Amino acid sequence: MYDVKSLKAEEFISHEEIEETLAYADANKENIALIDNIIEKAKLRKGLSHREASVLLACEMEDKIQEIYELAEQIKKDFYGNRIVLFAPLYLSNYCINGCVYCPYHGKNKHIARKKLTQEDIVREVTALQDMGHKRLAIEAGEDPLNNPIEYILESIRTIYSIKHKNGAIRRVNVNIAATTVENYRKLKEAEIGTYILFQETYHKESYEKLHPTGPKHDYAYHTEAMDRAMEGGIDDVGLGVLFGLELYRYEFAGLLMHAEHLEAVHGVGPHTISVPRVKHADDIDPSAFDNGISDETFAKICALIRISVPYTGMIISTRESQAVREKVLPLGVSQISGGSKTSVGGYCEPEPEGERSEQFDVSDTRTLDEVVNWLMKLGYIPSFCTACYREGRTGDRFMSLCKSGQILNCCHPNALMTLKEYLEDYASAETRDIGRKLIDEELEKIPNEKVKKTAYEYIHDIAEGRRDFRF
Ligand code: SAM
């Protein structure tokens, strides 16, 4: 029944295979020889299978967990260096006809304010985001063919890319909208989106159907097979995710890795990113109503295991997580975080009035983007606003081969520094600017290739003189 190459959801995410995986993991969670072998294999940086990774997830031996954390940190450093890419979500519309029981946008919620941005609203929102310093957005919308048809999404993307305000620009728009048709994915590709993101929510079919009782999202197979349709439509950067808290985390973790293995086996390229959201309080949603919430410790273990199991995939942590949790998981393999986020429709230009709240969920990290940038640098990271890969056509397997070739220090590293320099010149507070200038001076010296280093110095100098948008 289980077939990694099948195009049928229930075959590439086989329930029986997950159950067997969990039983195998339980039987071997204290098998030191096997665990050591798996950790040794992970050190080769070629990833782990869902079975191997599930054994490590089940393992509770403190010394082995420490070893996994150390390896995750090392792999993160080797592939991603100390860069952290920043983005913000932009909610276009919260009209939705689905019945997702964990989401306040569900169709039966009559008291949440329903809002949809007009193109003029989008100009105002994006101008506010550009004034914060953002260059990369993830657009979000509920599923509603009448209010949010694909034409609306496409028009909104065109609007976002067209806004040039002072030195600002949105250079990459990632899209998080409901599962759709190959034809619509093709249109999104033509609109030059970055990553298409769709969270599976849960890989457990029976729970999935209960958690999505009504609306088009009820169809488990259509949702689970969406990434295959996206890739058929030409999108080669796709982002996976599970909403932790809905089902048993070990089940979800195995399913997530099986999904990544499936994409690699069928399309020759795995997921560009993996997100790890946890259910949060929202308008009429109480997270304690879901029995499967995970502790911060387990959350960190999952992050570390994703890093060593799929070493080339970016990992995203949103502002659903607090500053403290983000600080704990950053070294374990996170490559992208959001900053200064609002989860309301139209929340960036002005705060929403009390009786008209439209947020999707409560944000835990409420700091401004400048505070997040400042904090990252103090922790030794390079905040990056880079969008170069996708604009240079380095998507899908071309991005993966850059990662694998070890050229990150000659390419991504200087690109990160140049976009940070732009941020410092155009948007940063005086303190953040001072810290950043010192950091850039130190980091430029780390570029191994002399020619690249010299050019990077020149570009950084040119940015200080007012020129913008350099990239390798
Ligand atoms: N409607 C689209 C879909 O069906 O995928 C767009 C995604 S929605 C705007 C973004 C994600 O937020 C969802 O996929 C879900 O995982 C997450 N989400 C929904 N309710 C949440 C909650 N209460 N706490 C945390 N995340 C939530």
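The values are calculated or read from the model by the stated rules, or taken from the named source; none is laboratory data. Everything numeric in this text was worked out from a predicted model, so none of it was measured. Note that we place each Cβ from the backbone using ideal geometry, even for glycine, and neighbour counts take in every protein chain shown. Just the protein is used for accessible areas: all its heavy atoms, side chains included, with ligands, DNA and RNA removed. Shrake-Rupley method; radii C 1.70, N 1.55, O 1.52, S 1.80 Å.
Keeping to the stretch 139-172, report how many residues are basic (Lys, Arg), part of a loop (DSSP other than H, G, I, E, B) and open to solvent by 50 Å² or more (accessible area, probe 1.4 Å). Give the steps one after another, and end with the answer.
Of all residues in the stretch 139-172, those basic (Lys, Arg) come to 158, 164, 166, 171-172.
When the remaining residues are screened for being part of a loop (DSSP other than H, G, I, E, B), the result is 164, 166, 171.
Retained after the next criterion (residues that are open to solvent by 50 Å² or more (accessible area, probe 1.4 Å)): 164, 166.
Final tally of qualifying residues: 2.
What's the number of the condition Ala42 fails, among (1) away from the ligand (no atom under 16 Å from the Cβ); (2) open to solvent by 10 Å² or more (accessible area, probe 1.4 Å)?
(2)
Among the residues of the stretch 267-274, are any open to solvent by 30 Å² or more (accessible area, probe 1.4 Å) and assigned to a loop (DSSP other than H, G, I, E, B)?
Looking through the stretch 267-274, at least one residue is open to solvent by 30 Å² or more (accessible area, probe 1.4 Å) and assigned to a loop (DSSP other than H, G, I, E, B).
Just one of Glu252, Glu183 is assigned to a helix (DSSP H, G or I) and in contact with a strand residue (DSSP E or B) (Cβ under 6 Å, 6 or more places away or on another chain); which is it? Talk me through it step by step, then tell me what you get.
Values: Glu183 fails: in contact with a strand residue (DSSP E or B) (Cβ under 6 Å, 6 or more places away or on another chain).
Testing whether each residue is assigned to a helix (DSSP H, G or I) and in contact with a strand residue (DSSP E or B) (Cβ under 6 Å, 6 or more places away or on another chain) leaves just Glu252.
Only one of (1) assigned to a loop (DSSP other than H, G, I, E, B); (2) within 14 Å of the ligand (Cβ to nearest atom); (3) of a type in the set (A, V, I, L, M, F, W, C); (4) more than 20 Å from Phe244 (Cα to Cα) is not met by Ala178, so which one is it?
Among (1) assigned to a loop (DSSP other than H, G, I, E, B); (2) within 14 Å of the ligand (Cβ to nearest atom); (3) of a type in the set (A, V, I, L, M, F, W, C); (4) more than 20 Å from Phe244 (Cα to Cα), the lone unmet condition for Ala178 is (4).
Provide a single number: the residues in the stretch 45-77 that are surrounded by 21 or more Cβ atoms within 10 Å (Cβ to Cβ), touching an Asp or Glu at 6+ places or on another chain (Cβ under 8 Å) and more than 22 Å from Ile18 (Cα to Cα).
Result for the stretch 45-77: 0.
Any chance you could count how many residues in the stretch 288-315 are outside any loop (DSSP other than H, G, I, E, B) and open to solvent by 40 Å² or more (accessible area, probe 1.4 Å)?
4
Which of the residues belonging to the stretch 321-344 are within 14 Å of the ligand (Cβ to nearest atom), in a loop (DSSP other than H, G, I, E, B) and either in contact with a Cys (Cβ under 8 Å, 6 or more places away or on another chain) or closer than 23 Å to Met377 by Cβ (or both)?
Selection gives Glu321, Ser322, Ser341.
So, Glu17, is that one open to solvent by 50 Å² or more (accessible area, probe 1.4 Å), touching a residue at least 40 places away in the same chain (Cβ under 8 Å) and assigned to a helix (DSSP H, G or I) or not? If you could, list the steps in order and put the result at the bottom.
Working: open to solvent by 50 Å² or more (accessible area, probe 1.4 Å): no; touching a residue at least 40 places away in the same chain (Cβ under 8 Å): yes; assigned to a helix (DSSP H, G or I): yes.
It is false that Glu17 is open to solvent by 50 Å² or more (accessible area, probe 1.4 Å), touching a residue at least 40 places away in the same chain (Cβ under 8 Å) and assigned to a helix (DSSP H, G or I).
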